[in-house]
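A.B. asks: First the structure, which I've put down as C-alpha cells, then a few questions once you've had a look.
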Amino acid sequence: MMRTVVTGGAGFLGSHLCEQLLVAGNEVIALDNFLTGTPANVAHLLEHDRFRLVKTDVTEYVHVPGPIDQVLHFASPASPVDYLELPIETMKVGSIGTLHALGLAKEKGARFLLASTSETYGDPQVHPQPESYWGHVNPVGPRGVYDEAKRFAEALTMAYRRTHGTDTAIVRIFNTFGPRMRPNDGRAIPTFIRQALRGEPITVAGDGAQTRSVCYVDDLVNGLLLLLRSDLPGPVNIGNPHELSMLALAERIRVLTGSRSEIAFIDRPVDDPTVRQPDITLAQRELRWEPAVDLDEGLCRTIAWFRQHPQLVV
C-alpha cells in the first residue's frame, strides 16, 4: 500500500486528490494550516482508516514518521483574492514550503509532485501555451507574488532533481472548477454562480472579452494521478483546451441557473491575463489524458453542489 502525503490536503484541489487517492488504495496524510482550506472539505474522509488530517504549517516544519512513497505539494493560496490578501504567506509557501516538502521527499525517497500553475505563463504572448513557453510575467505587479512563487517552486524542484536525484514531477494546472470551491474566493465561476443564485448582478471584469480555459475538477485529478504514476518530470500542462470568454461564461451560468441576473461590468484587475489556453499535446501523447467532462455538465454539477449548500451563498 502506498503512503502519500498531500500538503494543502484540506483545500479545494487537495481534498479531491485525497478522496481519489483513498479510492486507489493509498494511505493518505493530509497536511494543512487551514489558511484557505477547511476541515469541512475532508470531513467525509475523517472516519476512513487510511486517512489522517494534520494541522501544520509547511513553511515552519514538515515531519511525517515512517515510510512515504509520494509527496504532493498543493499547499498555497490559489485565487487572486487570497494571494492579494496574503502576499507574504503565498511567497513563503511557494519557497520555504516547497523546500520543506522537497526535503521530505528526498529524505523518504518518495516521488514528488509540484502543483504549479498556468500563471507561470503570465499574460502570454504565445497562444495556446505549450510547456516550452517561458512566460510573460510582471514580477513586481500585485499578481507577481503568486506567479513568481510558483516559478521559484519549479526551479527549486528541478534543482532537487538535478542535484539530489529526487524523483520529481511538475504539473501546470489551468483554471479548475467544481464542488468545494469557496463562493467568495474571487474566482470567476464560484463568483458568477453565487451572484446568479442570489439574483445579484453578475460582475464581469473589463468588457469580458478576456478568455480562460476551464477544466472540471474530476478531469484534472485524473490527469494529476496519471502524471504521479508516470516517470515524467514535467512540466506538463493539465487543463481543458476549450477556450471561452468571461462574458460567454457568465451568460452560460446565468442560463444554467435559470437566473434573471443582469451582467454588470467592473474594472479589470492589474495584469489580468488576456488569454489562457493550454496546449495539452504532451499530456495526450505521454499520459493518454484529455478532459472528458464538457463545460455544461461540469457547471451543472457545480451549481447543484452550491444549491445543496445554501449557507455558502447567503
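The values are calculated or read from the model by the stated rules, or taken from the named source; none is laboratory data. What you see is a predicted model, and the numbers here were worked out from it, not measured in a lab. Neighbour counts are summed over all protein chains in view; Cβ atoms, including those assigned to glycine, are modelled from backbone coordinates with ideal geometry.
A.B. asks: Could you grab the pairs with beta carbons closer than 9 Å, sequence gap of 6+ or different chains, first residue in the range 165-193 and closer than 17 Å to residue 276 by Cα, second one acidic (Asp, Glu)?
C.D. replies: As it stands, the answer is 172/119; 172/131; 172/154; 176/219, since those pairs meet every condition given.
A.B. asks: All but one of (1) touching a Leu at 6+ places or on another chain (Cβ under 8 Å); (2) within 29 Å of residue 3 (Cα to Cα) hold for residue 86; state the number of the condition that does not hold.
C.D. replies: Of everything listed in (1) touching a Leu at 6+ places or on another chain (Cβ under 8 Å); (2) within 29 Å of residue 3 (Cα to Cα), residue 86 misses just condition (2).
A.B. asks: A further question follows. Cβ contacts < 6 Å: first residue assigned by TED's automatic domain parsing to the domain that holds residue 34 and under 11 Å from residue 220 (Cα atoms), restricted to the range 9-23; second residue of a type outside the set (D, E, K, R) and surrounded by fewer than 24 Cβ atoms within 10 Å (Cβ to Cβ), any location; separation 6+ or different chain. Result?
C.D. replies: From the range 9-23, the pairs are 16/217; 16/221; 17/221.
Yes or no, residue by residue, for (1) among the hydroxyl-bearing types (Ser, Thr, Tyr); (2) in contact with a Gly (Cβ under 7 Å, 6 or more places away or on another chain):
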| position | (1), (2) |
| --- | --- |
| 156 | no, no |
| 160 | yes, no |
| 164 | no, no |
| 171 | no, yes |
| 184 | no, no |
| 190 | no, no |
| 193 | no, no |
| 198 | no, no |
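A.B. asks: Something else: Can you give me the ranges of the strands (runs of 3 or more DSSP E) entirely in the range 203-314 with at least 3 residues that are touching a helix residue (DSSP H, G or I) at 6+ places or on another chain (Cβ under 8 Å) and either closer than 30 Å to residue 112 by Cβ or in contact (Cβ under 8 Å) with a residue 12 or more places away in the chain (or both)?
C.D. replies: Of the strands (runs of 3 or more DSSP E) lying wholly inside the range 203-314, those with at least 3 residues that are touching a helix residue (DSSP H, G or I) at 6+ places or on another chain (Cβ under 8 Å) and either closer than 30 Å to residue 112 by Cβ or in contact (Cβ under 8 Å) with a residue 12 or more places away in the chain (or both) span 236-238.
A.B. asks: If you take the residues in the range 48-65 that are charged (D, E, K, R) and either within 18 Å of residue 21 (Cβ to Cβ) or crowded, with 16+ Cβ neighbours inside 10 Å (or both), which one is farthest from the chain's Cα centre (by Cα)?
C.D. replies: Per the criteria, the residue is 49.
A.B. asks: I'm trying to understand the selection: among the residues of the range 32-47, which are buried (at least 16 other Cβ atoms within 10 Å of the Cβ) and either in contact with an Asp or Glu (Cβ under 6 Å, 6 or more places away or on another chain) or acidic (Asp, Glu) (or both)?
C.D. replies: If the condition is that a residue be buried (at least 16 other Cβ atoms within 10 Å of the Cβ) and either in contact with an Asp or Glu (Cβ under 6 Å, 6 or more places away or on another chain) or acidic (Asp, Glu) (or both), then 32, 33, 36 are the ones that fit.
A.B. asks: If I ask for residues that are part of a loop (DSSP other than H, G, I, E, B), without any contact (Cβ under 8 Å) to a residue 24 or more places away in the chain and aliphatic (A, V, I, L, M), which ones from the range 32-65 would you list?
C.D. replies: Selection gives 46 alone.
A.B. asks: Also, quick follow-up: Looking for something in contact with a strand residue (DSSP E or B) (Cβ under 9 Å, 6 or more places away or on another chain), among the polar types (S, T, N, Q), at pLDDT 95 or above and closer than 25 Å to residue 1 by Cα - is there at least one such residue anywhere in the range 70-82?
C.D. replies: yes
A.B. asks: Same structure, new question: Can you tell me which of 290, 286, 297 is more than 20 Å from the chain's Cα centre (by Cα) and at negative phi?
C.D. replies: Within the list 290, 286, 297, the selection yields 286.
A.B. asks: If the requirement is being in contact with a strand residue (DSSP E or B) (Cβ under 8 Å, 6 or more places away or on another chain) and surrounded by fewer than 20 Cβ atoms within 10 Å (Cβ to Cβ), which of these qualifies: 256, 232?
C.D. replies: When all the criteria are applied, what remains is 232.
A.B. asks: Might you check whether a residue that is among the β-branched types (Val, Ile, Thr) and under 30 Å from residue 306 (Cβ atoms) occurs anywhere in the range 82-100?
C.D. replies: Looking for residues that are among the β-branched types (Val, Ile, Thr) and under 30 Å from residue 306 (Cβ atoms), one finds at least one in the range 82-100, hence yes.
A.B. asks: With the checklist (1) under 19 Å from the mean Cα position of the chain (by Cα); (2) surrounded by fewer than 21 Cβ atoms within 10 Å (Cβ to Cβ); (3) on the phi > 0 side of the Ramachandran plot in hand, flag the one item residue 199 doesn't pass.
C.D. replies: (1)
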